[in-house]
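Shown next, in structure tokens, is the structure this report addresses.
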Amino acid sequence: MASIKEDGFLDSLIIDYTNLILGQRILMKPSKGRYGEQGKDVVALENETTGDYCSYVIKSGNLKEHLDGKYGILKQMKDALFIDLEYEECKSKKRTVTVVHNGDEGNRSAINTFEVKRVEFENVIDESILLRPIERWDIDILCDKLFPNWEILEKNEDVRLYYESLQRIKSITLESYEKYHLLIETGQISNEECKDILSEHFKVIGSITKNYSFNK
């Protein structure tokens, strides 16, 4: 889970988890740019009758590296809470935010900053429209939520492609290592030959990475 570098792939997992596992309707999916519309990467309708919803702010990596800035977690979290959705069924309805990142905090300062802002936003927003306190799903919480449901989630095409690409990279890496090791043992390899083997190896991996990119 921590090795996922593609934001699109992580988005896809959260969409499937909320839709297939939690049974919630997806109202919004990520825009093509780096910044979700009005702070919302993914929005799920939690209650069809009342219009309650949750906005998911999703980042690949640790908390610290995505905390600040125009496209940072704090800015998106604030926008998701205070800017109404354009859907009539959700205008002025109860809402909350879940911040998702597939890494740890990065450092103690990052988690302290996040918590201060989280409390600040929750205190400012009208209690009548705060569905529940803001949540943060780090790598540990993500694993606890996703892995027990992996049999369902792995049917997702992005998940299948991702793991297929990992298996191909693993196979090519082992093959190159064995070839390199054999040549070293038998004294058949020169520095140039070694460079050629490694060069070919990384060309193939680069091709796989390009072909299986989820940010097309």
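Residue-by-condition table, conditions (1) in contact with a Phe, Trp or Tyr (Cβ under 7 Å, 6 or more places away or on another chain); (2) without any contact (Cβ under 8 Å) to a residue 40 or more places away in the chain:
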| residue | (1), (2) |
| --- | --- |
| Ala80 | no, no |
| Ser92 | no, yes |
| Thr96 | no, no |
| Val100 | yes, no |
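Cβ-Cβ distance below 9 Å, separation of 6 or more or different chains: which pairs start in segment 111-129 with a residue that is under 14 Å from Ile73 (Cα atoms) and without any contact (Cβ under 8 Å) to a residue 12 or more places away in the chain and end on one that is aliphatic (A, V, I, L, M) and in a helix (DSSP H, G or I)? Once the first residue is under 14 Å from Ile73 (Cα atoms) and without any contact (Cβ under 8 Å) to a residue 12 or more places away in the chain and sits in segment 111-129, no partner that is aliphatic (A, V, I, L, M) and in a helix (DSSP H, G or I) comes close enough.
Counting the residues of segment 81-100 that are within 12 Å of Leu27 (Cβ to Cβ) and among the aliphatic types (A, V, I, L, M) gives 1. Residue pairs whose Cβ atoms lie under 6 Å apart, separated by 6 or more positions or on different chains, with the first residue in segment 10-25 and touching a residue at least 60 places away in the same chain (Cβ under 8 Å) and the second among the β-branched types (Val, Ile, Thr) and part of a helix (DSSP H, G or I), are Leu20/Ile152. Of all residues in segment 146-167, count the ones that are modelled with pLDDT of 65 or more and surrounded by fewer than 16 Cβ atoms within 10 Å (Cβ to Cβ). Adding up the residues that qualify gives 8. State which residue is surrounded by the most Cβ atoms within 10 Å (Cβ to Cβ) when the search covers only segment 81-110 and only residues that are under 18 Å from the mean Cα position of the chain (by Cα) and of a type in the set (A, V, I, L, M). Only one residue fits best here, namely Val97. Looking across segment 76-102 at every residue that is among the charged types (D, E, K, R) and in a helix (DSSP H, G or I), the one that is farthest from Leu142 (Cα to Cα) is identified as Glu88.
Taking segment 103-134 as the range and being in contact with a helix residue (DSSP H, G or I) (Cβ under 7 Å, 6 or more places away or on another chain), assigned to a loop (DSSP other than H, G, I, E, B) and among the aliphatic types (A, V, I, L, M) as the test, the residues that pass are Ile125, Ile134. Glu65 meets the conditions (1) in a loop (DSSP other than H, G, I, E, B); (2) out of contact with any Asp or Glu (no Cβ under 9 Å at 6 or more places or on another chain); (3) within 19 Å of Ile139 (Cα to Cα) in every case but one. The failed one is (1).
The values are calculated or read from the model by the stated rules, or taken from the named source; none is laboratory data. Small disclaimer: the values here were computed from a predicted structure and weren't measured. FYI the Cβ positions are ideal-geometry reconstructions off the backbone, even for glycines, and counts take in every protein chain you see.
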